[in-house]
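Trainee: Dropping the structure in here first, questions after.
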Amino acid sequence: MIIAVVVSTFFFTILHGGAFEAGLIPVLNVITMSLFMTILLEYTQSLWTPIIVHYVWNAIGGLVLGGVSLADDYINIYQMNLHGNDLITGGIVKIEGSIIVLGLNLVLMLFFYRKTKNAA
C-alpha cells in the first residue's frame, strides 16, 4: 500500500509539473490532493469517486470560476480575481497556489482518513 501511494503520488505530481514552477505551496497542494484522492479511493473502494472529484474540482474551479490554472486554451465562464497576500490568493497561479487549498486538502484527508478507520 505504501509503495502504491508513493508511486501514484509521484506520477500525479509529475503530471502537474507546472506546480514546480509556481513554488512550494502549489507543489504541496498537488501532493496533498493526491493523498486525499488516495484516501477517498480507499474510503469508497471506487476509482470513479476520485476521478469525479478531480473532474468537479477542475470544472468548477477552472472552467466556471476561472480560479484554477488549467491549460491556456481552456475557456472559463467567470474570471476569479483575488487580491492580497499571495499565500492566501495563490498569486499568479490562482487559488490552487494558496494555503487555503492546502488547508482544505489536509482537512479532507483527515476527515476521510478517520471515516476509513472507523469503517474498518
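Trainee: Does Tyr55 satisfy the condition of being among the aromatic types (Phe, Trp, Tyr) and more than 15 Å from the chain's Cα centre (by Cα)? It would help to see each step written out before you state the result.
Mentor: Values: among the aromatic types (Phe, Trp, Tyr): yes; more than 15 Å from the chain's Cα centre (by Cα): no.
No.
Trainee: Right, something else. Among the numbered conditions (1) out of contact with any Ser or Thr (no Cβ under 8 Å at 6 or more places or on another chain); (2) of a type in the set (Phe, Trp, Tyr); (3) assigned to a helix (DSSP H, G or I), tell me where Tyr78 comes up short.
Mentor: (3)
Trainee: Okay, next question. Evaluate segment 26-46: report whether one residue or more is crowded, with 17+ Cβ neighbours inside 10 Å and over 26 Å from Met1 (Cβ atoms).
Mentor: Among the residues of segment 26-46, at least one is crowded, with 17+ Cβ neighbours inside 10 Å and over 26 Å from Met1 (Cβ atoms), which makes the answer yes.
Trainee: Go through Ala59, Ala22 for me and flag whichever is free of Cβ contacts under 8 Å to residues at least 40 places away in the same chain and under 28 Å from Val6 (Cα atoms).
Mentor: Numbers: Ala22 fails: free of Cβ contacts under 8 Å to residues at least 40 places away in the same chain.
Exactly one residue qualifies, and that residue is Ala59.
We did not get these values from a lab; they are worked out from the coordinates using the rules stated. These numbers were taken from a predicted model, which means no experiment stands behind them. Virtual Cβ from ideal backbone geometry, glycine too; neighbours counted across all protein chains shown.
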